[in-house]
Amino acid sequence: MAARMLDGVAAAAAIRAELAPRIAEFASRRGRPPGLGIVLVGENPSSEIYVRGKLKAAAESGLQADLERLPASASLADLLALVDRLNRSERHDGILVQSPVPEAMGRDAERRVFDAIDPAKDVDGFHPINVGKLVQNRAELVAGTPSGVIELLERERIPISGARAVVIGRSEIVGKPMALLLLHRSATVTVCHSRTVDLPAVAREADILVAAIGRPGFVTADFVKPGATVVDVGITSVTDPAIVERMYPEGSRRRDVFAKRGSLVVGDVHPQVADVAGALTPVPGGVGPLTIAMLLKNTLTAASGLMTGRER
Ligand code: NAP
């Protein structure tokens, strides 16, 4: 039987509808909408798309989102100075620096920039203070992608407490916070990575399997326990026809899209998993829209001063 599709677009719309009156109430009380400063350095095409999506969603939700651009030639000092200005800004409640920053800024640049953001304005939840609070299960600002996954699971009434959860991927922005959020909801959590031995067998233990790897179609049906919930965080824009042919049968609509555009956005989960899983998030239309909805929610949280307990 085909898996139930978990509709991230609908869940994100519901979250945004719930936020709307709270944003309007903030704006009428404070005489200005919650403000978000988005920093984009250089001209990475994927980053341009992500940032455009965030600006559009913020505007539609009644937030004031400002795009602060720096050229690819900007120095780390330039970027840190911009973050400092946004930290001091009265009208910016949230700050987001779009990843990746140019390699020329140096190996530790991104970490230094995230560390420099005022934790009370850290709407991406990457600052070590916010990550530490997440470890202690008292975070107000948590990375949008993993918290969006939790929102989706809860809204779809997928039981988490007591479930066996397997997270494939241990990145700072997805895998690790995902594992912690599941643990705090009393799942029994295993985190896998590139050195995990017999990954399919470990994954097959999962009632909830989260794939955050960045490898198209990596999770095949043999990774999945029948009836499991599978969350596909992966987003890769594929231009290699061989990958598309491996994932989608001849005559499928997705192949047509690829033929027309020359590229296709795909997840880490092979479409055949739908024959085994009980529930599955699609790509696109699964986790992606939730990430943006949670960014909006975090901006309102930061604006409301919930983190520090003070009115900002
Ligand atoms: P990342 O930093 O590159 O981390 C990838 C993780 O996958 C690493 O922990 C890596 O293990 C693991 N991995 C790689 N190859 C593996 C293999 N063969 N077997 C087992 N594990 C393997 O990526 P990320 O930033 O977490 O992002 C993951 C994916 O999610 C990407 O496709 C990204 O585009 C997508 N993403 C989507 C959203 C959204 O809004 N939906 C948001 C963020 C990211 P090691 O640690 O051992 O190297």
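Checking the conditions here, which among S263, S252 is open to solvent by less than 60 Å² (accessible area, probe 1.4 Å), away from the ligand (no atom under 16 Å from the Cβ) and of a type in the set (S, T, Y)?
Working: S263 fails: away from the ligand (no atom under 16 Å from the Cβ).
That would be S252, the only listed residue that is open to solvent by less than 60 Å² (accessible area, probe 1.4 Å), away from the ligand (no atom under 16 Å from the Cβ) and of a type in the set (S, T, Y).
Give me the pairs: first residue in the stretch 225-238 and without any contact (Cβ under 8 Å) to a residue 40 or more places away in the chain and open to solvent by 20 Å² or more (accessible area, probe 1.4 Å), second residue within 16 Å of the ligand (Cβ to nearest atom) and in a strand (DSSP E or B), beta-carbon distance under 7 Å, and six or more apart or on different chains, which are they?
Pairs found: T236/V266.
Which of the residues that make up the stretch 174-194 are in contact with a Ser or Thr (Cβ under 6 Å, 6 or more places away or on another chain) and within 9 Å of the ligand (Cβ to nearest atom)?
Within the stretch 174-194, V174 is the sole residue that qualifies.
Which residues, taken from the stretch 51-66, are outside any strand (DSSP E or B) and closer than 19 Å to L79 by Cα?
V51 - this is the single residue of the stretch 51-66 that is outside any strand (DSSP E or B) and closer than 19 Å to L79 by Cα.
Can you tell me which residues in the stretch 195-205 are more than 6 Å from the ligand (Cβ to nearest atom) and open to solvent by 80 Å² or more (accessible area, probe 1.4 Å)?
If the condition is that a residue be more than 6 Å from the ligand (Cβ to nearest atom) and open to solvent by 80 Å² or more (accessible area, probe 1.4 Å), then V197, D198, R204, E205 are the ones that fit.
Pick from A104, A109: which is open to solvent by less than 40 Å² (accessible area, probe 1.4 Å) and either more than 28 Å from I15 (Cβ to Cβ) or touching a Ser or Thr at 6+ places or on another chain (Cβ under 6 Å) (or both)?
Among A104, A109, only A109 is open to solvent by less than 40 Å² (accessible area, probe 1.4 Å) and either more than 28 Å from I15 (Cβ to Cβ) or touching a Ser or Thr at 6+ places or on another chain (Cβ under 6 Å) (or both).
Of the conditions (1) within 20 Å of L290 (Cβ to Cβ); (2) part of a helix (DSSP H, G or I); (3) within 16 Å of the ligand (Cβ to nearest atom), N130 fails just one. Which one is it?
(3)
All but one of (1) more than 11 Å from the ligand (Cβ to nearest atom); (2) in contact with a strand residue (DSSP E or B) (Cβ under 8 Å, 6 or more places away or on another chain) hold for V231, so report the exception by its number.
(1)
Filter the stretch 155-173 down to the residues that are in a loop (DSSP other than H, G, I, E, B) and among the basic types (K, R), then identify the one that is farthest from the ligand (Cβ to nearest atom).
R157
Among all residue pairs at least 6 apart or on different chains, which show Cβ distances below 7 Å where the first residue, located in the stretch 275-294, is in contact (Cβ under 8 Å) with a residue 60 or more places away in the chain and more than 12 Å from T145 (Cβ to Cβ) and the second is part of a helix (DSSP H, G or I) and more than 8 Å from the ligand (Cβ to nearest atom)?
D275/A221; V276/A221; L280/V273; L280/A274; G285/G8; G285/V9
Scan the stretch 7-27 and report the pairs whose first residue is of a type outside the set (A, V, I, L, M) and whose second residue is open to solvent by 70 Å² or more (accessible area, probe 1.4 Å), with Cβ atoms within less than 8 Å and a gap of 6+ or a chain change.
From the stretch 7-27, the pairs are R16/E60.
Looking at (1) assigned to a loop (DSSP other than H, G, I, E, B); (2) surrounded by fewer than 20 Cβ atoms within 10 Å (Cβ to Cβ), find the lone condition where V283 falls short.
Just one mismatch for V283, condition (2).
Please find, within the stretch 114-166, the residue that is farthest from S89 (Cα to Cα) out of those that are charged (D, E, K, R) and in contact with an Asp or Glu (Cβ under 8 Å, 6 or more places away or on another chain). It would help to see each step written out before you state the result.
We begin by selecting, within the stretch 114-166, every residue charged (D, E, K, R); these are 115, 118, 121-122, 124, 133, 138, 140, 151, 154-157, 164.
From what is left, the residues that are in contact with an Asp or Glu (Cβ under 8 Å, 6 or more places away or on another chain) are 121, 133, 164.
Values: K121: 11, K133: 25, R164: 44 Å.
Restricting to residues being charged (D, E, K, R) and in contact with an Asp or Glu (Cβ under 8 Å, 6 or more places away or on another chain), the top hit is R164.
Check V167, V135 and return the single one that is in contact with a helix residue (DSSP H, G or I) (Cβ under 7 Å, 6 or more places away or on another chain) and open to solvent by 40 Å² or more (accessible area, probe 1.4 Å).
V135
With I243, I213 as the choices, which residue is over 25 Å from P146 (Cα atoms), out of contact with any helix residue (DSSP H, G or I) (no Cβ under 8 Å at 6 or more places or on another chain) and within 14 Å of the ligand (Cβ to nearest atom)? I'd like the intermediate steps shown before the answer.
Details: I213 fails: over 25 Å from P146 (Cα atoms).
Of the residues listed, the single one that is over 25 Å from P146 (Cα atoms), out of contact with any helix residue (DSSP H, G or I) (no Cβ under 8 Å at 6 or more places or on another chain) and within 14 Å of the ligand (Cβ to nearest atom) is I243.
Which of the residues that make up the stretch 1-46 are open to solvent by 70 Å² or more (accessible area, probe 1.4 Å), under 30 Å from A74 (Cβ atoms) and of a type in the set (D, E, K, R)?
Across the stretch 1-46, the qualifying residue is only E43.
Taking the condition of being hydrophobic (A, V, I, L, M, F, W, C) and within 11 Å of the ligand (Cβ to nearest atom), how many residues in the stretch 216-225 meet it?
3
The values are calculated or read from the model by the stated rules, or taken from the named source; none is laboratory data. Because the structure is predicted, anything quoted here is derived from the model rather than measured. As a convention, Cβ positions derive from the backbone with ideal geometry for all residues, glycine included, and neighbour counts pool all protein chains shown. Just the protein is used for accessible areas: all its heavy atoms, side chains included, with ligands, DNA and RNA removed. Shrake-Rupley method; radii C 1.70, N 1.55, O 1.52, S 1.80 Å.
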